[in-house]
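Every number here is computed from the coordinates shown, using simple stated rules; none is lab data. Treat the numbers as computed from the prediction; the structure is a model and nothing was measured. Here the Cβ positions follow ideal geometry from the backbone for every residue, glycine too, while neighbour counts run over all protein chains shown.
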Amino acid sequence: MIKACRFISLLFLALLTVVFIDNRKSFFLQNNIDITKLSINDYDFLSKYKQNKVVLIKDAYQKQLLYNQKPVSSAELSPSQQQVAFSYFIEPGGSADKIALMIFDLHNGKFKQVYQTNFGSWDITSDLHWLGDKYIFFLRHCGTACQGITLLDIKSGKTKNAVLTYPSFPDQQARTYFKDWHGQEFVMDGFVRSINSEMSARSYYLIFTMEDHQGNFLGKKRVDI
């Protein structure tokens, strides 16, 4: 009798374990979403999570964004809302430095790889940003007291690099020197906190959010490029 009860208990425990594992698997699957499943409005609810992974936070749930079952590290809708630029980790279980940049055409559902690097921690140090509907840009390392800004032509895959440089010593005035992709030079008070873009009928603009040594907001600088 005791042996029979023990056998029934072990069998019940085994069944509970299987159910638990299946539930964990279902939970994991339900908390991921492929980039092809996003609606236009979903792009307003994307956020960065740990290890540079993107999540969709909406309607009291959180789902990690994937492309071909691999983590997406940045995603942004184009100004026309016809394309999405995104980056993803080529080897999700391996090096985070292996990153590819893709364009997802929402009209025909096709994907195009436009850039790839095996040195992502050096070559891509920010989210992706659109400049009009033909270019994307992102920050990169370039050495001490400077940052590069890579401009990528999504049709040709060609890149150009602009440079932000800063004073080398903390007691120097907070100032940023910007040399753009056309060789134009600008001087801005403060340090760059973030960069975004705007466009008009005829021009593209970079919008620099500036801060002082202590991280206090100094305003925004609009540069016509």
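Name the residue, out of Gln62, Gln81, that is part of a strand (DSSP E or B) and either under 18 Å from Asn196 (Cα atoms) or not β-branched (Val, Ile, Thr) (or both).
Of the residues listed, the single one that is part of a strand (DSSP E or B) and either under 18 Å from Asn196 (Cα atoms) or not β-branched (Val, Ile, Thr) (or both) is Gln62.
For the subset of region 169-195 comprising residues that are surrounded by 13 or more Cβ atoms within 10 Å (Cβ to Cβ) and among the β-branched types (Val, Ile, Thr), which member is farthest from Ala85 (Cα to Cα)? Applying the filter and picking the extreme gives Thr176. Report, ordered by the first and then the second residue, all pairs with beta carbons closer than 6 Å, sequence separation of six or more or different chains, a first member in region 29-49 that is in contact (Cβ under 8 Å) with a residue 24 or more places away in the chain, and a second member that is outside any strand (DSSP E or B) and not charged (D, E, K, R). Close Cβ pairs (under 6 Å, with a partner that is outside any strand (DSSP E or B) and not charged (D, E, K, R)) amount to Ile40/Gln81.
Which one of these is of a type in the set (Gly, Ala, Ser), closer than 30 Å to Gln113 by Cα and without any contact (Cβ under 8 Å) to a residue 24 or more places away in the chain: Gly157, Gly183, Gly215? Give the derivation first.
On the way: Gly157 fails: without any contact (Cβ under 8 Å) to a residue 24 or more places away in the chain; Gly215 fails: closer than 30 Å to Gln113 by Cα.
Unique residue meeting the criteria: Gly183.
Within region 178-195, the set of residues being within 25 Å of the chain's Cα centre (by Cα), in a strand (DSSP E or B) and closer than 29 Å to Lys134 by Cβ comprises Phe178, Lys179, Val192, Arg193, Ser194, Ile195.
Just one of the numbered conditions (1) in a strand (DSSP E or B); (2) surrounded by 15 or more Cβ atoms within 10 Å (Cβ to Cβ) is not true of Glu198: (2). Taking region 201-217 as the range and being in a strand (DSSP E or B) and exposed (fewer than 13 other Cβ atoms within 10 Å of the Cβ) as the test, only Phe217 passes.
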